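These notes are about the structure you will find just below.
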Ligand SMILES: [Fe+2]
């Protein structure tokens, strides 16, 4: 049975599935079962909930939404696409994140290395046979090394937070959408239509010069 839950504040629908027969079973064709709490008993992100971090998170998204323009993303992709900063192992990369706290996350204030290990271990517990998924959990946030001086020490708004396309209208389901009104692209005719610089059905592989936020 499928239950549709309306979330009017964000304008999105979450499709909730019944728990699979086996808790270890990965449902690849119909989406995942959506639990109410994560593996550590905490609720999932709620960007509208009152919390000590809420104001900081909202400030983060305001700056993020103002500055993530099509030209900015293009410049960053060209610069970092050279891969000329540092060479290191995955584990060295994980250790580099030890001092990093993600300001965009309303309910996570542990160092990132703990977040990586907790994610990987929680996935291993729930899906013990899917080793590729354990590894994915471990490395899923390694891009945050861009906050580190070795990789250019980019500001938080240019590294963390949710992902969305630029070069087309900002969808209203994007968290704290109201702050896009101050983005230079918001009223730019080339970037503010539904498909913007893209064509319908172009797909992520043909996303050139298409851009997701940096
Ligand atoms: Fe993460």
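Since every read-out is calculated from the coordinates, none of them should be taken as a lab result. Just so you know, these numbers come straight off a predicted model, no measurement behind them. Cβ: placed from backbone, ideal geometry, glycine included. Neighbour counts: every protein chain shown.
Observations on the model:
- Direction-averaged projected area, Cα convex hull, region 50-146: 8.0 nm², rounded to one decimal.
- Of 121, 78, the sequence from fewest to most neighbouring Cβ atoms within 10 angstrom is 78, 121.
- Among 214, 91, sorting on how many other beta-carbon atoms sit within 10 Å of each Cβ, with the fewest leading, yields 91, 214.
- Annotation: extensible slack from residue 162 through residue 110 equals 16.9 nm (criterion: 0.36 nm per residue apart, minus Cα-Cα distance).
- Length added when fully stretched, residue 124-residue 189, from 0.36 nm per residue minus Cα-Cα: 18.7 nm
- Gain in span if fully extended, residue 91 to residue 132, counting 0.36 nm per residue against the direct Cα distance: 13.1 nm
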